Each structure stands twice: as structure tokens, then as C-alpha cells.
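A quick write-up on the structure given underneath.
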Amino acid sequence: MTRTQQIAQIDNAAAFQAVFGWPASLMAKLEIYAASVAQWQKAVNLVAPRSLPDIWHRHFADSAQVITHLPSSTRHLADLGSGGGFPGLIIALHASETPDLRVTLVESDTRKAAFLRETARRMEIVVDIASTRIESDASVSRLVGVDTVTARAFAPLARLFELASPLFATGAAGVFLKGESVGQEIADARKQWCFDVELHPSVTEPSGRIAVVRRVKPNSET
């Protein structure tokens, strides 16, 4: 699979593995993840209910495509508003075979944070979970050294830049899953922020884009 090639509907683990080439060891843990989402969804709104039957395509594949767009220099990644773990827990699972990559999931909803902890435990992977708001001092102190920020369906770009401004101030890059309104989000963000952005087509959603942003600074600093 190339970065720009649209993929067919992924309905199950075999289809996912055929596209992304994950080893059997990771696929077994991904199956555990799928079962965990189905179990917890009854009590916690982890994903849109109508998307649950399409979890392999709408959530697992959509998240997994981000991995090829992460800067090669990434050593500590923070996923903002992780929710059901997309894309952060998928990245952490893939990184479990790459010990030099640390992943921190930031999720202020205590029930969703509990889901993330339990699912990571079931998959036997190490991941840092911060059950605090991203703008809190507690979060900022835990995220010192973060060099890459990810998020999906969390906030418009301008708000993401504001929330993660301490991270961008130290040179972090951002890799964000965005929809068809990304062009307007970029225009709105440029009213307050200066940044470089590359847009890459989503391989799971024709109207989706992956926005890779670097050198984010308030306009007042330029």
C-alpha cells in the first residue's frame, strides 16, 4: 500500500493484515482490542454506535494509516483526546515492537481512560495514560519532551494549536486526521498561527486528509 492509494473496505482482521502487513503477534492483540471496544461500548460511548460494525475500517485502518506519516525522529508521541484510543492506542500497539517510541494518551474522561488502561493491560502493551485535560499543569508536566502530537475528531486546528502550544513551542510536529473541512480549518488557524502544513489523502475516506504540521508559532512571534 502506498500513502495515496485508496483501500477497499476492510471488514475483518484478515483484510486489515493484507493491507498493513502487521505480524500475527500484533493481529492477535488487535483482536483483543476489537472485543474490548464491543464490550465497553455498552456502557461508555467510545465510538459512534453506527460505526461499531465497521471498526476494522473506520477506526483501526483509519488510525493505522497515520503511522507512515509520523516523523522518523518521533521518540515521544502524545495523542490528544484519545477517547477509544484512535489513533493513539493503535500507534502504541504498533510501537510495542519498537521500544524507543513512547506513547502518552491524554484523555480527561475517567471512564474512557479506564477503558484505555484495561485494554492496554489486556493487550500486554506499555502506554502512558494521562487522565487530565491537555491544558492542565499536570498534563503539561507529563508531556515534557513530546516531539509529535496526534489527534482525531478532537478539535479544529486552531484549537489544537492553542491546547498543545507548550509542545509546539518546543518544536513538536503535529499529525492530525481531518475531514473535508480541513481547508477552512487551515485558513481559520492562520489568523492566529504561523505554521507549515502538508496534506496527504486518507486511504480510508475519500474526503479525508492527514495534516502534518510543523513549526507552529503564534503570529505575534513572526
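The values are calculated or read from the model by the stated rules, or taken from the named source; none is laboratory data. On a predicted model such as this, the values are computed, not experimentally measured, just so you know. When we count neighbours, we look across all protein chains shown, and the Cβ atoms used for this are built from the backbone with ideal geometry, even at glycine.
Miscellaneous remarks
- Residue selected from segment 115-140 under the condition in contact (Cβ under 8 Å) with a residue 60 or more places away in the chain and surrounded by 13 or more Cβ atoms within 10 Å (Cβ to Cβ), by the criterion nearest to ASN45 (Cα to Cα): PHE115
- Candidate set: segment 54-73, residues that are surrounded by fewer than 22 Cβ atoms within 10 Å (Cβ to Cβ) and hydroxyl-bearing (Ser, Thr, Tyr); chosen: the one farthest from THR204 (Cα to Cα): SER73
- Look at segment 81-104: where a residue is free of Cβ contacts under 8 Å to residues at least 24 places away in the same chain and a partner is surrounded by 24 or more Cβ atoms within 10 Å (Cβ to Cβ), sitting 6+ places away or on another chain with Cβ atoms under 9 Å, you get ALA95/LEU77; ALA95/VAL103; ALA95/VAL127.
- Counting only residues that are of a type in the set (Lys, Arg) and either buried (at least 23 other Cβ atoms within 10 Å of the Cβ) or under 10 Å from the mean Cα position of the chain (by Cα) (or both), segment 141-155 holds 1 of them.
- Any hit, segment 89-107, residues being buried (at least 20 other Cβ atoms within 10 Å of the Cβ) and over 26 Å from GLU198 (Cα atoms): yes
- For segment 40-50, the set of residues classified as surrounded by 13 or more Cβ atoms within 10 Å (Cβ to Cβ) and in a helix (DSSP H, G or I) consists of TRP40 only.
- Qualifying residue in segment 213-221 (condition: farther than 17 Å from ALA164 by Cβ and free of Cβ contacts under 8 Å to residues at least 40 places away in the same chain): yes
- Pairs with Cβ under 9 Å, 6+ apart, first in segment 167-192 and among the hydroxyl-bearing types (Ser, Thr, Tyr), second loosely packed, with under 15 Cβ neighbours inside 10 Å: THR170/VAL144; THR170/GLY145
- Qualifying residue in segment 28-35 (condition: free of Cβ contacts under 8 Å to residues at least 24 places away in the same chain and among the charged types (D, E, K, R)): yes
- ILE134 falls short on exactly one of the conditions (1) touching an Asp or Glu at 6+ places or on another chain (Cβ under 6 Å); (2) over 18 Å from THR68 (Cα atoms); (3) not charged (D, E, K, R), and that condition is (1).
- Residue count for segment 104-131, restricted to those that are among the polar types (S, T, N, Q), within 17 Å of the chain's Cα centre (by Cα) and closer than 20 Å to ALA155 by Cα: 3.
- Every residue from segment 57-93 that is of a type in the set (Ser, Thr, Tyr), over 17 Å from LEU26 (Cβ atoms) and either out of contact with any strand residue (DSSP E or B) (no Cβ under 8 Å at 6 or more places or on another chain) or not in a loop (DSSP other than H, G, I, E, B) (or both): SER72, SER73
Every residue, every condition in (1) touching a strand residue (DSSP E or B) at 6+ places or on another chain (Cβ under 7 Å); (2) basic (Lys, Arg); (3) modelled with pLDDT of 95 or more, yes or no:
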| position | (1), (2), (3) |
| --- | --- |
| LEU160 | yes, no, yes |
| PHE168 | yes, no, yes |
| LEU177 | yes, no, yes |
| GLU180 | no, no, no |
| ARG190 | no, yes, yes |
| PHE195 | yes, no, yes |
| SER207 | no, no, no |
| LYS217 | yes, yes, yes |
